[in-house]
Amino acid sequence: QVQLLESGGGTVQHGGSLRLSCLASGGIFRIDAMSWYRQAPGKERERVAADTSSGTSTYASSVRGRFIISRDNARNTSFLQMNNLTPEDTGTYYCNAKAITTPLTSKYDFWGQGTQVTVSS
């Protein structure tokens, strides 16, 4: 069973930085993509950053130029470096992985439990 564990959330002042980590473990044959989503209170979950094994990265327009997604493939870990944070970045951040399991199952989409990011003004 693939599990994702996020860490690195916390409270930071406006203009500060945080680095989130997501460790994928258990029954992984191959990870095709890892992404970060966030959900603010009363809002829908939105994808903020994504990357594929080919090295392609995409960002939501609201975070482009401030957030950087990266991955340590050897450790099945994704990172989200968040700079120049604003109160609008407050929310629960979730890691998502598209992974092929071993032994093979039909499950391909995996989510972490989330880590809270709070940016004070």
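Would you tally the net charge around L4, using a Cβ to Cβ cut-off of less than 12 Å, leaving L4 out, and scoring K and R as +1, D and E as -1?
Values: positive: K98; negative: E6, D109.
Once positives and negatives cancel, what remains is -1.
Might you tell me the accessible area per residue for segment 25-110, computed with a 1.4 Å probe and given in Å²? Working shown, then result.
Values: 4500 Å² over 86 residues.
Dividing the accessible area of segment 25-110 by its residue count gives 52 Å².
Farthest toward the dipole's positive end in the chain, which of Y93, N76, W36, given Cβ charges of +1 (Lys, Arg) and -1 (Asp, Glu) about the Cα centre?
Going by the Cα projections, it comes out as N76.
Report the gain in length on full extension from W111 to T58: 0.36 nm times residue separation, minus Cα-Cα distance, nm rounded to one decimal. Numbers along the way, then the final one.
Values: separation 53, 0.36 × 53 = 19.08 nm, distance 1.86 nm.
Full-extension gain reported as 17.2 nm.
Taking the Cα centre of the chain as origin, sum charge times position over the Cβ atoms of Lys and Arg (+1) and Asp and Glu (-1), and report the length of that vector in debye to the nearest 20.
Around 120 debye, computed over the chain.
Hey, could you grab the Kirkwood Rh for segment 43-108? Inverse mean 1/r over distinct alpha carbon pairs, Å, one decimal.
On the way: mean 1/r = 0.0734 Å⁻¹.
Taking every pair of different Cα atoms in segment 43-108, averaging 1/r and inverting gives 13.6 Å.
Leaving out ligands, DNA and RNA, what percent of the accessible area of the chain is carbon and sulfur, probe 1.4 Å? Present the calculation step by step, with values, prior to reporting the outcome.
Working: 3190 of 6480 Å².
Percent of accessible area from carbon and sulfur atoms in the chain: 49.
The values are calculated or read from the model by the stated rules, or taken from the named source; none is laboratory data. Just so we're clear, the structure is a prediction, and the values are computed from it rather than from any experiment. Cβ atoms come from the backbone with ideal geometry, glycine included; neighbour counts cover every protein chain shown. For the accessible areas, the whole protein counts, side chains as well, though only heavy atoms, and no ligand, DNA or RNA atoms are used. Shrake-Rupley method; radii C 1.70, N 1.55, O 1.52, S 1.80 Å.
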